[in-house]
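Here is the structure we will look at, set down as structure tokens.
The values are calculated or read from the model by the stated rules, or taken from the named source; none is laboratory data. This structure is a prediction, so every number in the text was calculated from the model and none was measured. Note that each Cβ is placed from the backbone with ideal geometry, even for glycine, and that neighbours are counted across all protein chains shown. Just so you know, the surface numbers come from the protein's heavy atoms only, side chains and all, with ligands and any DNA or RNA stripped out. Shrake-Rupley method; radii C 1.70, N 1.55, O 1.52, S 1.80 Å.
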Amino acid sequence: IKELKVLSKREGEGIWQEQGALTPTSDIVFSMEDFQTDDFVYQFQVEILNKCEERVYSNIHNSIRLVAFADEESNTIDLRWRSYNFWMADDVRYEILTSLKADESYVKTLTVLNDTTASIAADESFQYHLRARAVSSNGLLASLSNDVKVELSHELVIPNVITPNDDGFNDTFEIKNIK
């Protein structure tokens, strides 16, 4: 390989933009900077110039765009993301990563197979930072989604009456979201 370039464009646009040329090494890591990954799916392609002066292009890679919806009543966060298209569907698993603060490292919360939706409990914090990570079946390759920040209010619910008549409604004194 004489030259290796990373090209990108927003999905649906026609013009590829060069994001940079890389020196070919055994491990090449490319990180998206200044991309609006919360709003758009991006497509990436690698252009290689070989020693015979032939240009070769990789398959198109779509970024994983994660969206999250907080359900305050059930204290859950529902997640949806775009499937990772670079590997075969049976060759990828998704890991949901969470962080309770912006500057903390992410922790794997959940592994999802054959689906692009998940729901997680959200009763530990008022703020969650979430990412989806696509991992190849051999565990050697991974691609991360955008970072999604979700805030919950966890309002305290204090009943003003107790009716211990076993009807399932205010049978005991319970302050919801006290945790």
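Brief remarks on what is shown
- Pair list, Cβ < 8 Å and 6+ apart or interchain, from the stretch 1-19 residues that are touching a residue at least 40 places away in the same chain (Cβ under 8 Å) to residues that are aromatic (F, W, Y) and open to solvent by 40 Å² or more (accessible area, probe 1.4 Å): V6/F30; L7/W16; E11/F40
- Here is the figure for the stretch 38-58: residues that are over 19 Å from I15 (Cβ atoms) and either out of contact with any strand residue (DSSP E or B) (no Cβ under 7 Å at 6 or more places or on another chain) or assigned to a loop (DSSP other than H, G, I, E, B) (or both) total 6.
- Remark: pairs (first residue in the stretch 98-125, closer than 18 Å to V67 by Cβ and of a type in the set (A, V, I, L, M, F, W, C); second residue open to solvent by 80 Å² or more (accessible area, probe 1.4 Å) and assigned to a strand (DSSP E or B); Cβ separation under 9 Å; 6+ apart in sequence or on different chains) = A118/R80.
- One residue from A142, A134, A121 being open to solvent by less than 80 Å² (accessible area, probe 1.4 Å) and over 24 Å from V41 (Cα atoms): A121
- Scanning the stretch 18-28 for residues that are touching a strand residue (DSSP E or B) at 6+ places or on another chain (Cβ under 9 Å) and at pLDDT 65 or above turns up E18, Q19, G20, A21, L22, T23, P24.
- Of all residues in the stretch 120-179 being among the acidic types (D, E) and touching a Leu at 6+ places or on another chain (Cβ under 8 Å), the one that is nearest to R93 (Cα to Cα): D147
- Of the strands (runs of 3 or more DSSP E) lying entirely inside the stretch 106-155, those containing at least 1 residues that are within 11 Å of the chain's Cα centre (by Cα) and β-branched (V, I, T) span 117-121, 148-151.
- Considering only residues in the stretch 145-179 that are under 30 Å from Y84 (Cβ atoms) and open to solvent by 70 Å² or more (accessible area, probe 1.4 Å), the one that is modelled with the highest pLDDT turns out to be K149.
- Scanning the stretch 41-87 for residues that are open to solvent by less than 70 Å² (accessible area, probe 1.4 Å) and aromatic (F, W, Y) gives Y42, F44, W81, Y84, W87.
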